[in-house]
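Down below is the structure, laid out as structure tokens.
The values are calculated or read from the model by the stated rules, or taken from the named source; none is laboratory data. Values in this document were obtained by computation on a predicted structure and should not be read as measured data. Cβ placement follows ideal geometry from the backbone for every residue including glycine, while neighbour counts extend to all protein chains displayed.
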Amino acid sequence: MTHYDVAIIGAGMSGLAAAIRLAHFGKKVCIFERHYVWGGLNSFYKQKGHHFDVGLHAVTNYVKPNYKGPRIPLQLIARQLRIPVDAFALRPQSYSQTVFESATLTWDNDIGRLREQVKEKFPDQIDGFVRLEEACASYPAALEERPFVSTRQKMNDFITDPLLVDMLMCPLLYYGSAVEGDVDFGQFITLFNSIYREGFGRPDKGVKHILNLLLARLKEVEGEMRPRCGVRELSVKDGRVSEIILDNDEVVTADVVISSAGWVETERLRSDKDSFALEAKEGQLGFVENIFVLDRSPKDLGLDATITFFNHSDRFQWKSPDPFVDLTSGVLCAPDNYQWEEAPREHQLRVTHLANWSKWFGLPADQYYSIKDDFIARSRQSVKQFVGDFEDCINYIDGFSPTTVTRFTGHINGAIYGSPEKQVTGKTELDNLFLCGTDQGMLGIVGAMVSGVTVANAYGMNS
């Protein structure tokens, strides 16, 4: 029976980062990944000759060239993993925008632009916005347990215009909230800094570049990854994981187990848990995304923004919709519109909407594809104000629904952001089982790597 110092469930960004950090200090570490492609929620695939990223609209926490301020998350990760920041090969966004029915805010990787937009469009709110900036100046302490604080309520201390509140929250909720209608204020601060203060970048060759960078580093430090080798059960004895049973019936042991699979998903692996008792803690927010491969650049269609967060009214609803898809809001991403040194060979548009996960599961195949095709057409129309009717420009279409997310990541209900209830400390009821990634409250590529490193440092080094 093989024994490891640390066993890691899932080869997503957080699992890879944790493994690299531990292996660097001589720990015998292995990542068990159910699928043949690594990356989890941020992976890649090829379809009909077209290359697609899974989930990657942007890498947050961009570091500007010649940046001289206090260390920010991407720099901290680079230092902990001993990978130069430049190796991530990130290109900055041109600009992004939040578009509601009666107002538009444009912003980029300098928060000064957003501040000026607020001053111009909402002059009576600028003092409150500046105070909000100051309140978000420092990231919350990693692994520090804290009660949920409603951002909706907290915003009353800074912003009194409900339209501005919704416009500021819209991008942050779309990029990181598992809570319907709200987000914990500590998580809001992290998202505010990651998106508004530091901003968006994208690697030259997509998410595969970052994943290959991490995999190469893992090999350098002699860490192990086993693809197509998922964990079926965690055998629990005397308050600890005693054995790890793999999908192929092999049994391994480890002093410490770190799971990036999600809190509820990890709890369901435990031999001492009733999986049905966990339903109330499952995430309810699912998404659909349609990826359109075009014969021309989105700029030729009149779209200069890198990412557009849109809402076809002045009040923003962040909840699981009643219909299959909520077309009243969404995210329009144009990867072409980063500041590339060399333009991408293939032009794409990505359109993301909230979806009712419960309606997508259990459909017969013909009905599933019929409904999916209908919403692809309607989704295209929902962004017509930004790019016109681009049907004649489409070479290929692909995308995902909540069922796709569950099939390829194991996330219950296709809930990309996991459970609304986060385990910020990374601890579980078991002495040697810890969580990293989404359900520790860390989101996005940089956030996931921060999570993996902090959990590894806190709980894996003494194994």
Please list, ordered by first then second residue, the pairs with beta carbon atoms under 6 Å, 6 or more apart or interchain, first in the stretch 419-440 and in a strand (DSSP E or B), second of a type in the set (S, T, N, Q).
-> 435/259; 435/423
Are any of the residues in the stretch 1-8 in contact with a strand residue (DSSP E or B) (Cβ under 6 Å, 6 or more places away or on another chain), outside any helix (DSSP H, G or I), surrounded by fewer than 24 Cβ atoms within 10 Å (Cβ to Cβ) and of a type in the set (S, T, N, Q)?
-> yes
Can you confirm whether the stretch 246-269 contains a residue that is surrounded by fewer than 16 Cβ atoms within 10 Å (Cβ to Cβ), part of a helix (DSSP H, G or I) and among the charged types (D, E, K, R)?
-> no
Starting from residues that are of a type in the set (Val, Ile, Thr) and buried (at least 24 other Cβ atoms within 10 Å of the Cβ), keep the ones in the stretch 29-51 and report whichever is nearest to residue 400 (Cα to Cα).
-> 31
Tally, over the stretch 318-347, of residues that are among the polar types (S, T, N, Q) and either surrounded by fewer than 16 Cβ atoms within 10 Å (Cβ to Cβ) or over 19 Å from the mean Cα position of the chain (by Cα) (or both) = 3
Among (1) assigned by TED's automatic domain parsing to the domain that holds residue 355; (2) modelled with pLDDT under 95, where does residue 402 come up short?
-> (2)
Scan the stretch 14-59 residue by residue and report those that are among the polar types (S, T, N, Q) and over 16 Å from residue 209 (Cβ atoms).
-> 14, 47
Output the number of the condition that residue 203 fails; it satisfies all remaining conditions of (1) buried (at least 23 other Cβ atoms within 10 Å of the Cβ); (2) in contact with a Leu (Cβ under 7 Å, 6 or more places away or on another chain); (3) under 30 Å from residue 111 (Cα atoms).
-> (1)
Of the conditions (1) out of contact with any strand residue (DSSP E or B) (no Cβ under 8 Å at 6 or more places or on another chain); (2) under 20 Å from residue 409 (Cβ atoms); (3) among the charged types (D, E, K, R); (4) modelled with pLDDT of 95 or more, residue 267 clears all except one; give me its number.
-> (4)
When residue 389 is run through (1) touching a residue at least 40 places away in the same chain (Cβ under 8 Å); (2) assigned to a loop (DSSP other than H, G, I, E, B); (3) charged (D, E, K, R), the failure sits at (1)
Which is aliphatic (A, V, I, L, M), assigned to a loop (DSSP other than H, G, I, E, B) and touching a strand residue (DSSP E or B) at 6+ places or on another chain (Cβ under 7 Å), of 376, 397, 445, 416?
-> 416
Using the structure shown, decide if residue 153 is polar (S, T, N, Q), at pLDDT 95 or above, over 19 Å from residue 71 (Cα atoms) and exposed (fewer than 15 other Cβ atoms within 10 Å of the Cβ).
-> yes
Verdict on residue 385 being of a type in the set (S, T, N, Q) and within 22 Å of residue 170 (Cα to Cα) = yes
Of the residues in the stretch 426-463 that are more than 23 Å from residue 24 (Cα to Cα) and of a type in the set (Val, Ile, Thr), the one that is farthest from the chain's Cα centre (by Cα) is 428
Any residue at all in the stretch 91-98 that is of a type outside the set (S, T, N, Q) and touching a Leu at 6+ places or on another chain (Cβ under 8 Å)?
-> no
Among residues of the stretch 7-27, those that are under 19 Å from the mean Cα position of the chain (by Cα) and under 17 Å from residue 78 (Cβ atoms), counted | 5
Of all residues in the stretch 424-463 being at pLDDT 95 or above and charged (D, E, K, R), the one that is surrounded by the most Cβ atoms within 10 Å (Cβ to Cβ) | 427
Apart from one, (1) in contact (Cβ under 8 Å) with a residue 60 or more places away in the chain; (2) under 15 Å from residue 98 (Cβ atoms) all hold for residue 118; the odd one out is (1)
Specify which of the listed residues (404, 409) is buried (at least 24 other Cβ atoms within 10 Å of the Cβ) and within 20 Å of residue 174 (Cβ to Cβ).
-> 409
Subset of the stretch 186-232 that is farther than 22 Å from residue 261 by Cα, touching a strand residue (DSSP E or B) at 6+ places or on another chain (Cβ under 7 Å) and in a helix (DSSP H, G or I) - its residue that is modelled with the highest pLDDT = 196
If you scan the stretch 234-257, which residues turn out to be without any contact (Cβ under 8 Å) to a residue 40 or more places away in the chain and touching a Ser or Thr at 6+ places or on another chain (Cβ under 6 Å)?
-> 235, 242, 243
So residue 176, is it of a type in the set (Gly, Ala, Ser), within 18 Å of residue 58 (Cα to Cα) and crowded, with 22+ Cβ neighbours inside 10 Å | yes
Any idea how many residues of the stretch 54-75 are out of contact with any Ser or Thr (no Cβ under 6 Å at 6 or more places or on another chain) and in contact (Cβ under 8 Å) with a residue 12 or more places away in the chain?
-> 12
